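For reference, the structure is listed below as structure tokens.
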Amino acid sequence: MSKNSDATQTIKKEDLLCITDLNAEKIKNMTENQLRDYTKTLKSFLNLFPLQKGQMESALQVKNYATVLQCLRSIESKLTQLYADNLAYDCKKQINLHHDLDNIRHDKLNVFIDYFFSNLNLLFSDIQKIFEEQEMMVHIEQKQEILSAKIKEKITTIAELDTKKIEQMTDKQLNTFVNNLITFHEDFPAQESGLRSAVKLKQSSSVISWLTVIEKALANIHANSLMEDCKNQIELNKDINNIRHERLEVFVNYFLTSLSMLSDDIEKLNLSTIRQLTKHLLK
């Protein structure tokens, strides 16, 4: 269900395309390997930007223009790697305009840096938001995995159910399966009554019809052994005119006892709560 939850989990292209400062075409054309490397560059930007901002503000305050330009060059390089092309261009333009350290007009440079860092703050916030949402989703998925495993563990305490199939279910399949369990338990009293009545009245075709309905219900909940027993009886008694009723009645009595115990075990699972939990997994 969840992806690898390490710190450099690859960012999705569709999330990046929502950031208007990034070059959409370049992002669209990235390969998976490039996207993984790009994700690391984004993470590096988040880690370095606050330090670079503080260093530049301190240098600008004491008019240490050499350090200011050094910070701008570093930021310009990182923005180029991020495909924040317009911001990188603005930065490079200011570096070229202020190459002569002895003739820098402080108030003009200060106005640009205020403007520039306002835009960088927005870019920083947009990128940070993507990583925070990603982190939150990983956390949710991890909790869902634990919840899904607990639900499966509880269900597989019923010996008649196919453990392997249940363990391999996706959350969507598990939700459907739980609904099938509920349906089986709710429908069983009517099926039991109908089957017993058909046996009592020796209505062989009706007996087979009820067994066919029950076989399908057992298949839906992966009660394979009981389903095979039911299927075998249907096959053995497919010739309605040659059914030995006493033998069929013995099987039905045994079979309904087994189904009744299965229905009781399903009821003990507290299915209404489990259904709510499986619905939560799909959110």
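Coordinate-derived values only; no laboratory data. Quantities reported herein were computed from a predicted structural model and do not represent experimental measurements. Heads up, the Cβs are rebuilt from the backbone with ideal geometry, glycines too, and the neighbour counts pull from every protein chain shown.
Rounded, prolate or oblate: which one fits the range 107-186, using the alpha carbon gyration tensor with axes a ≥ b ≥ c (rounded when a/c is under 1.5, else prolate when a/b beats b/c, else oblate)? Mind dumping the intermediate values first?
On the way: a/c = 7.19, a/b = 4.95, b/c = 1.45.
It comes out prolate by the Cα gyration axes.
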Task: Computed over the range 1-124, Kirkwood Rh from alpha-carbon pairs, angstrom - done: 15.7
Task: Label-point separation, residue 267 to residue 114 (7 Å along Cα→Cβ), nm - done: 7.6
TODO: With no solvent and one equal point scatterer placed on each C-alpha of the range 145-283, evaluate the Debye formula and give log10 I(q)/I(0) for q = 0.13 Å⁻¹, two decimals.
DONE: -0.58
- [ ] Please give the contour-minus-distance gain from residue 34 to residue 46: 0.36 nm per residue of separation, less the Cα-Cα distance, rounded to one decimal in nm.
- [x] 2.5 nm
TODO: Could you work out the mean projected area of the convex hull around the alpha carbons of the range 143-186, in square nanometres to one decimal?
DONE: 3.0
Open item on the list: Could you work out the relative contact order of the range 10-164? I mean the mean sequence separation of Cα pairs under 8 Å and 6+ apart, divided by the number of residues, in percent.
Closed with: 25
Open item on the list: Over the chain, what is the relative contact order in percent, taking alpha-carbon pairs closer than 8 angstrom and at least six residues apart?
Closed with: 18
Open item on the list: I need the calculated FRET efficiency for the pair residue 26 and residue 136, taking r as the beta carbon distance and R₀ as 22 Å, to the nearest 0.05.
Closed with: 0.20
Open item on the list: Distance between the C-alpha centers of the range 58-97 and the range 169-247? Whole Å please.
Closed with: 75
Task: Given 12/152; 13/108; 200/238; 12/92; 78/129; 43/172, the pairs whose alpha carbons are separated by over 26 Å - done: 12/152; 13/108; 12/92; 43/172
Task: Nearby aspartates and glutamates by direct alpha-carbon distance to residue 63 (threshold 13 angstrom, same-chain neighbours under 8 apart not counted) - done: 102, 107
Open item on the list: Net charge around residue 256, counting only other residues with Cβ within less than 13 Å of its Cβ (Lys, Arg = +1; Asp, Glu = -1)?
Closed with: -2
Open item on the list: Would you work out the Kirkwood radius for the chain? I mean one over the mean of 1/r across all pairs of different Cα atoms, in Å.
Closed with: 24.7
Task: Calculated FRET efficiency for the pair residue 61/residue 17, C-beta based, R₀ 35 Å, to 0.05 - done: 0.40
